[in-house]
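The values are calculated or read from the model by the stated rules, or taken from the named source; none is laboratory data. On a predicted model such as this, the values are computed, not experimentally measured, just so you know. Cβ coordinates were reconstructed from backbone atoms using ideal geometry, including for glycine residues, and neighbour counts include every protein chain displayed.
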Amino acid sequence: MTVTISRLYDTYDEASRAVSDLEAAGLSHANISLVSSNADNWYSADSTKVKRTKIDRDADGVDDRAEGAGAGAGIGAAVGGTAGLLAGLGIMAIPGIGPVVAAGWLAATALGAVTGGAAGGIIGALTQAGHSKEDAEIYAEGVRRGGTLLSARVPDAERTRYEAILDQGAVNIRTRADAYREAGWRGFDPSARPYDTDQVRAERERYIDRP
């Protein structure tokens, strides 16, 4: 029996490290899915896979591709032709979220829902995978605000081991949802205007160095 576990990350770099760790732990990339906001256009679908501009999604002043190369599992590695899930990244649009970079089974399910005219396809994909509607809305809102969602289908007997891997660098969605609600959020709205680059940057900076 398999179960689906998901985590939200503030940056693509943190999520891509988790993907590499999952694959290193023996989980097939066929059981991993990633959906990352592309509101700031950090990823390009051209032949080079990434725009020739500085990429600084964590707002630390350092190009994330350089950081990734140093860490061995960041953006530099992902767009450089690595094997596994990250080699299959592509761009799609999700109602209420906007453009995302995505790969894997969850993204395919969400895309199928969008193509079929079901607004908020990512919510349906997450609930179909076993998440509550409340959690699905928090994850979707997190991506809308510039985050990255990582979901993995794992053997139930090994759930704890894989959760420990995903927990590293992940957002506490209960705390984050409380922060959203304090600012007036009442739930994910697929008809809402997607965040733009400046809004995503401001949202990300809001949580830098916070638990």
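Which of (1) modelled with pLDDT of 95 or more; (2) part of a strand (DSSP E or B) is the odd one out, the single condition VAL100 does not satisfy? VAL100 satisfies every listed condition except (1). For region 147-165, the set of residues classified as more than 28 Å from TYR207 (Cα to Cα) and β-branched (Val, Ile, Thr) consists of VAL154 only.
Here's the yes/no breakdown for (1) in contact with a Ser or Thr (Cβ under 8 Å, 6 or more places away or on another chain); (2) at negative phi; (3) surrounded by fewer than 16 Cβ atoms within 10 Å (Cβ to Cβ); (4) assigned to a helix (DSSP H, G or I):
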{"residue": "ASP178", "(1), (2), (3), (4)": "no, yes, yes, yes"}
{"residue": "ARG181", "(1), (2), (3), (4)": "no, yes, yes, yes"}
{"residue": "GLY187", "(1), (2), (3), (4)": "no, no, yes, no"}
{"residue": "SER191", "(1), (2), (3), (4)": "no, yes, yes, no"}
{"residue": "PRO194", "(1), (2), (3), (4)": "no, yes, no, no"}
{"residue": "ARG201", "(1), (2), (3), (4)": "no, yes, no, yes"}
{"residue": "GLU205", "(1), (2), (3), (4)": "no, yes, yes, yes"}
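Taken over region 158-176, the criterion of being touching a residue at least 24 places away in the same chain (Cβ under 8 Å) and either hydrophobic (A, V, I, L, M, F, W, C) or assigned to a helix (DSSP H, G or I) (or both) is satisfied by ARG159, ARG161, TYR162, GLU163, ILE165, LEU166, ASP167, ALA170, VAL171, ILE173, THR175, ARG176. Of everything listed in (1) over 22 Å from ARG204 (Cβ atoms); (2) modelled with pLDDT of 85 or more, the single unmet condition for GLY112 is (2).
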